[in-house]
Structures are given as C-alpha cells and as structure tokens.
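One structure is given below, encoded as structure tokens.
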Amino acid sequence: MDDDGARRAAVDGAVNRFLALVGSGPPDLLEGALEIARAADPDADVEGARAELDRLATGLDDLDDLVRRLYVEEGFHGDREDYYDPRNSSLTQVLDRRAGIPITLAVVCIEVGRRAGLGLDPVGMPGHFLVHPHGALQHLDPFTGEMLDREQCIRRFRESTGLGPDVPFDDALLAPIGAEAVLVRMLTNLRGIHRSRGDLGELGWVLRMRLGLPGVSAIEVAELAEVRGRRAAFREAADLLEEWAEVLPDDAEALRRHARQWRAHLN
C-alpha cells in the first residue's frame, strides 16, 4: 500500500472508531476528541496525549491550582494569531503547542480537572465556548484562563458574535451541554475551516463523523455528497442522498432531486 493509501486507511479507521463510539450511547468526550485528532493526523500520539493530561493533573487540589498550572506554569493560551488554523481543533496538537481555540482548551481543562477530581462542565455559549466549575457562580474562559461573571460572559458573547444589545441574552446559553454537543461543535468548526480552504479530503472525513451525531441537516448531507461527487464517486453520492431522504422526510424531495442529478453522471 502506498503512502496515500495508508493515510486513507488510517483516516477511515479513525472515522469508523468515532462512529462506533458515538453510536453506542453517550460518548466519552476525550475519546471522541482523540479520534478527531487521529483523523486529522494519523500519526497523532494519542497515548502521549493521555499521559500528558495525567501529568498536568498531578498535585492539583482546586480550581485555582488548575488555572495556575495550565495558564501560568504550562503556558496554555488562545491562538490569536491564526485562530482558524486547523491544528487548534486537534486535541493532540493543542497539548503539543499549548495553543488552541476555546472549545479545545475547554476539553483540556475538563479532562485535567476530571483527573484531579474537579467537576467542570462544557458550556456551548454561541461564539465563545466556556467551562462551568460545579457549584461556582462564575464561568472559566478557557481561551484566557479568566473567571467571568454573568456580565462578562454576556460581553464575550456580544464581542464574539457581533450581536448588539437589541438581541436579548438568554441565560440558557450558559447551561452545560453534553459530550455529543461538544463533538458536534468541534466538527462544525472544522467543517467551516476546510470548506473555506476547499480541502475536500479533510472536509470528507469531518462530514462523515458529523453524520454520526444528532441534528444532521440536509445541507451537511448534500455537502458530503458533493465531496464524493466531485471525486467522481457519483453512485456513492446518490446513495448517500437517498439514504438520508428516508431519515429527513421534510427534505426528502430535495435530497432525492440531488441524488438524481448525481446518478445522471453515470449515464
């Protein structure tokens, strides 16, 4: 097998493990994030990542210790220079580079905290991911290591989304979310990055993983079909659309129409 074939096989393995993980009940957040990292880089050192999380948690007694360890002693920080670098969405790369975006830095905080016996929940506030320590009145901004009160969270929300005071802030946006929702958001971020770069190979595995999680849209299905169709896999593109037409009845007509368009290429 040549290098390209070996890489495709490794990516397929990561995708299949991810789909098995999310298809067997509530997924483990760390394992899901590591499979995303392995799809992005088949040589990713996932065992090294687990060991590093263990090391970072050693000797921590409370949240102040965690923040000091990660953001002062170890130098974790938000990547302001190249926010949309896909490495910022890979947990192994974030652990190696000490730089990331809010969601991956949040996963680091949560997993280090879990090992230290600290309860931390992911909070999917639009525009800026946060972490909520159990029982605390404040939220941790994983991008900066700062603790934020409600008004500061709202300020982050408005700064990151561009929405003004005419749009009311709903406190439900500060509620914890589950591992599935975190993985959806990680993949949605990567989808946007690779789509903007026109990188079909990377976009393909991202969408394959995304379709294994709840809340799939017809747009995402059509996008994966397009990735396949543009690689001359016309039958696979049409089959995918027809399969999802059964799952998404409100969009069935449009999906079947797209399927017919791809099948026309077979004539």
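The values are calculated or read from the model by the stated rules, or taken from the named source; none is laboratory data. Quantities reported herein were computed from a predicted structural model and do not represent experimental measurements. Heads up, the Cβs are rebuilt from the backbone with ideal geometry, glycines too, and the neighbour counts pull from every protein chain shown. All accessible areas refer to the heavy atoms of the entire protein, side chains included, with ligands and DNA or RNA removed. Shrake-Rupley method; radii C 1.70, N 1.55, O 1.52, S 1.80 Å.
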Next on the checklist: Can you confirm whether ASP82 is at pLDDT 95 or above and not in a helix (DSSP H, G or I)?
Outcome noted: yes
Checklist outcome for this item: Considering the range 186-242, residues that are over 25 Å from GLY124 (Cβ atoms) and of a type in the set (Asp, Glu), and then whichever is most open to solvent (accessible area, probe 1.4 Å), we arrive at GLU236
Next on the checklist: Out of everything in the range 123-144 that is of a type outside the set (A, V, I, L, M) and in contact with a Cys (Cβ under 9 Å, 6 or more places away or on another chain), what residue ends up being nearest to LEU70 (Cα to Cα)?
Outcome noted: PRO142
Checklist outcome for this item: Within the range 1-29, residues being more than 19 Å from GLU202 (Cα to Cα) and either open to solvent by 100 Å² or more (accessible area, probe 1.4 Å) or not charged (D, E, K, R) (or both) number 10
Next on the checklist: For the range 126-140, give me each residue that is of a type in the set (A, V, I, L, M, F, W, C), surrounded by 21 or more Cβ atoms within 10 Å (Cβ to Cβ) and over 13 Å from the mean Cα position of the chain (by Cα).
Outcome noted: LEU130, VAL131, LEU140
Checklist entry - Does LEU63 fit the bill of being farther than 22 Å from ARG208 by Cβ and touching a Pro at 6+ places or on another chain (Cβ under 6 Å)? => result yes
Next on the checklist: Here is a check on your reading of the model: is VAL108 assigned to a helix (DSSP H, G or I) and of a type in the set (A, V, I, L, M)?
Outcome noted: yes
Next on the checklist: Considering only residues that are open to solvent by 30 Å² or more (accessible area, probe 1.4 Å) and hydrophobic (A, V, I, L, M, F, W, C), which ones fall in the range 30-56?
Outcome noted: ALA40, ALA51
Next on the checklist: I'd like the full set of residues that are surrounded by fewer than 23 Cβ atoms within 10 Å (Cβ to Cβ) and in a loop (DSSP other than H, G, I, E, B), limited to the range 85-100.
Outcome noted: ASP85, ARG98
Item to check | Only listed residue being in contact with a strand residue (DSSP E or B) (Cβ under 7 Å, 6 or more places away or on another chain) and open to solvent by less than 40 Å² (accessible area, probe 1.4 Å), chosen from PHE143, PHE169, PHE157 | outcome: PHE143
Item to check | the range 48-68 residues that are within 18 Å of LEU120 (Cα to Cα), paired with ones that are open to solvent by 60 Å² or more (accessible area, probe 1.4 Å) and at pLDDT 95 or above (beta carbon under 7 Å, 6 or more apart) | outcome: LEU53/ARG115; ASP54/ARG115; ALA57/ARG115
